[in-house]
Amino acid sequence: MDIPVQYFQSIIALEVAVIGALLFQVRYFEPRIDPVADAGPDPRWRLLIAVILGATVIGSLDGIAHGGGRATAILVTIGLALSVIPILLRVLPPLVVEAHPGRAFSAIAVFSLVLYAVAVAGLVLILGR
């Protein structure tokens, strides 16, 4: 059984939403007074995220055009899951808790990221059947 075209269309719609959220997170549309101070994340991380976003959208378009199978659906699902991680890291509390020197990581952030990874793995396993 092939994956329906609507799945790939949904992935593209979700990626467009993720791209919009990331652009607002890095304040892409705001005027920059001091470009050095407003540099944001390392350009290599930005490039990596751009490659993941582009590959996910292009993989979904390929799935639509060529009747993508399970392998394509799994790859675009993983791409979507990876592209949401920068948003999650900004929304969750900081991983390293500076206020509590005895505790290395925030339990809420670590638990949330582990729960997210389990949910994505479950979805990938369901698609892999």
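Remarks
- Only one of the listed residues (Arg32, Arg46, Arg27) is modelled with pLDDT under 80 and part of a helix (DSSP H, G or I). That residue is Arg46.
- Some residue of segment 61-70 being out of contact with any helix residue (DSSP H, G or I) (no Cβ under 6 Å at 6 or more places or on another chain), modelled with pLDDT of 90 or more and surrounded by 12 or more Cβ atoms within 10 Å (Cβ to Cβ): yes
The values are calculated or read from the model by the stated rules, or taken from the named source; none is laboratory data. Everything numeric here is computed off the predicted structure, so don't read it as measured data. Cβ: placed from backbone, ideal geometry, glycine included. Neighbour counts: every protein chain shown.
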